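Student: Take this structure first; my questions come after.
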Amino acid sequence: MLTYLIDDDPVSLFLAEQVLRQAGVASPIRQFATAEAALQFLSSHLTTEVPHVILLDLNMPAMNGWEFLEALRPHAAALVGHCHIYILTSSLSLSDTARAKDFALVSDVIHKPLSEDGVQGIRHAAEQLHSSPG
């Protein structure tokens, strides 16, 4: 299950990758320390590599998670039905959860740190997506 981790915090990236690997869910995993780098890579590889899952931090310098999601709108047709995006955040703000619903590509908001239970939910959703006909 190809997974992109997008977070400017190296500790958060490390911990999320460890939880994913321990749960046997994500392989391969691509890490991006900036949303810009992730967007550039994704945009240039849409025809050859669409991730099954993107775990996206909201609070990042330069381009934050919301701006990343806005920048993905032109690519939504290529991603819908192929990719789940999960916002991975330390924020407890209900407004973040409400705002996430404005983006069809966002499957859920998960609070940091990523847990094995959260990973199992991601796995289940991705398996359902990729076992569906069409």
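Student: Just in the range 1-110: which trypsin sites (Lys or Arg not before Pro) are loop by DSSP and have at most 12 other Cβ atoms within 10 Å? Before the final figure, lay out the partial values.
Tutor: Details: sites: Arg21, Arg30, Arg99, Lys101; in loops: Lys101.
Counting only loop positions with at most 12 other Cβ atoms within 10 Å, the trypsin sites (Lys or Arg not before Pro) in the range 1-110 are Lys101.
Student: Report, in debye and to the nearest 20, how large the dipole of the range 21-116 comes out about its Cα centre when Lys and Arg carry +1 and Asp and Glu carry -1 on their Cβ.
Tutor: The dipole of the range 21-116 has a size of about 120 debye.
Student: Between the alpha-carbon centers of the range 101-121 and the range 8-35, tell me the distance in whole angstrom.
Tutor: Measuring centre to centre over Cα atoms gives 14 Å.
Student: If you don't mind, there's one more thing I want to ask. Can you sort Glu70, Glu17 by how many other beta carbons sit within 10 Å, fewest first?
Tutor: Values: Glu70 13, Glu17 17.
In order of increasing Cβ crowding within 10 Å: Glu70, Glu17.
Student: In addition: Sort His45, His75 by Cβ crowding within 10 Å, fewest neighbours at the top. All intermediate terms of the calculation are to be shown ahead of the outcome.
Tutor: On the way: His45 12, His75 16.
Lowest count first: His45, His75.
Student: Would you order Leu55, Leu79, Leu20 from fewest to most other beta-carbon atoms within 10 Å of each residue's own beta-carbon? It would help to have the intermediate numbers written out before the result.
Tutor: Numbers: Leu55 29, Leu79 19, Leu20 23.
Result, fewest neighbours first: Leu79, Leu20, Leu55.
Student: Taking a ≥ b ≥ c as the square roots of the Cα gyration tensor eigenvalues, with a/c under 1.5 meaning rounded and otherwise prolate when a/b beats b/c, else oblate, which class fits the chain?
Tutor: Cα axes put the chain in the rounded bin.
Just so you know, all these numbers are worked out from the coordinates, no wet-lab data involved. Just so it is clear, the structure is predicted and the values come from calculations on it, not from any experiment. Positions of Cβ are generated from backbone atoms using ideal geometry, with glycine treated the same way; all protein chains shown enter the neighbour counts.
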